[in-house]
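Notes follow once the structure below has been shown.
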């Protein structure tokens, strides 16, 4: 029998007390308990990166990360990139402007990985961006527009 | 399946002493969570040790001393660690090739060893550095050579009440080059089709130190003394590499799987060995 416990964490800046099965993947908790459905269910095997969220600033595949492990930690999802004052973050707008969104399924995961990258390297070179995206699969764009979007966002943030 | 989080090493060892086989140690979960999802493991308890910061330290070698790494050091931590990249370059490189950033954020060195995958990237570099593992239990600690610890495919000498707490490595001698190279379907990030680690020292054109280990070429990653003998005291001519590659193939027992055929794995060994040796040569 799965026992529910209380997991305390921060999700997109708000303190949360989650009554959950701590062994359940964080992905399920985010989508089914918090209704944060921007984080996508892809391969569910930690291969495709569609479910990427940031935990204490590091990108993690939430499909294979247990909810109990975020106790006391800070989780950020794609919903946290925008706010009431700015419907789209800088990087999100750059994705739209540069044709980096096609079917859109990989987009939340890409945005989260790239948000983590820009926080440690505000002006990343194209090969650094490519390396950072090793764990995110996009089958539409061929990645080039994504890389152009990051370069554009980094430039306008300067 | 009960999820139990521990906050200290002592707490972890006490839990393992009490529960033994019924508890599965869980760090970043990149292997265990997947195996749970696939029904390959079904432990009564998941013992989550990730919060144990005391097992996360990285102590790069002081001159003449061994490098010591806590078992919970993440691949990201190792691949971006400036002094580790200088003093243990093959391990730092291999850590940067274990999956994508998401896997490296939470995947740990101890986990890579404990999971005992035939394709474990970090194990080949550890073998060329004569790594030892420290195994702790409520009774105390024991140390074991990594090559003896790896018993078979997904099998190690770890006892149910033990925890891998640290890994230590021989320092890279001055003037010796080191590398880890792999072939994978999605470049560096995918599970290795073949991986080779090498430590090569060259003295006035002649090889004075030769260590070679490979992964994904049999049930466990292994050192290949025949290949090392073929390179030692050679001048790294094409025929020396041919002989070393032949020894690697002779020591191998590769499988056909979804990633590659055994024939393909054997086919690429010679080229990959040359790449590994060239990188050592450039670095030495």
So, in the range A:6-15, exactly how many residues are within 14 Å of chain B (Cβ to nearest Cβ) and closer than 25 Å to residue A:89 by Cα? 1
Filter the range B:101-126 down to the residues that are more than 17 Å from residue B:193 (Cβ to Cβ) and outside any helix (DSSP H, G or I), then identify the one that is nearest to the other protein chains (Cβ to nearest Cβ). B:107
Select from the range B:137-152 the residues that are within 30 Å of residue B:217 (Cβ to Cβ) and free of Cβ contacts under 8 Å to residues at least 60 places away in the same chain and list them in ascending order. B:142, B:143, B:144, B:145, B:146, B:148, B:149
Residue list for the range B:192-230, restricted to those being within 13 Å of the chain's Cα centre (by Cα) and under 30 Å from residue A:138 (Cα atoms): B:192, B:195, B:196, B:215, B:216
What do you reckon, is residue B:93 crowded, with 21+ Cβ neighbours inside 10 Å, in a helix (DSSP H, G or I), within 14 Å of chain A (Cβ to nearest Cβ) and in contact (Cβ under 8 Å) with a residue 12 or more places away in the chain? yes
Looking at (1) within 14 Å of residue B:103 (Cβ to Cβ); (2) within 9 Å of the chain's Cα centre (by Cα), can you tell me which one residue A:47 breaks? (2)
Give, as residue ranges, the helices (runs of 4 or more DSSP H) completely inside the range A:37-137 that count at least 2 residues that are free of Cβ contacts under 8 Å to residues at least 40 places away in the same chain and away from every other protein chain (no Cβ under 14 Å). A:90-97
Of A:18, A:30, the only residue that is in a helix (DSSP H, G or I), within 29 Å of residue B:52 (Cβ to Cβ), modelled with pLDDT of 95 or more and away from every other protein chain (no Cβ under 12 Å) is A:30
Out of the residues in the range B:1-58 meeting the condition of being more than 12 Å from chain A (Cβ to nearest Cβ) and part of a strand (DSSP E or B), tell me which one is nearest to residue A:46 (Cα to Cα). B:25
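The values are calculated or read from the model by the stated rules, or taken from the named source; none is laboratory data. No experiment lies behind these values; they were computed from the predicted model shown. For neighbour counting, all protein chains shown are included, and Cβ atoms are generated from backbone atoms with ideal geometry for every residue, glycine included.
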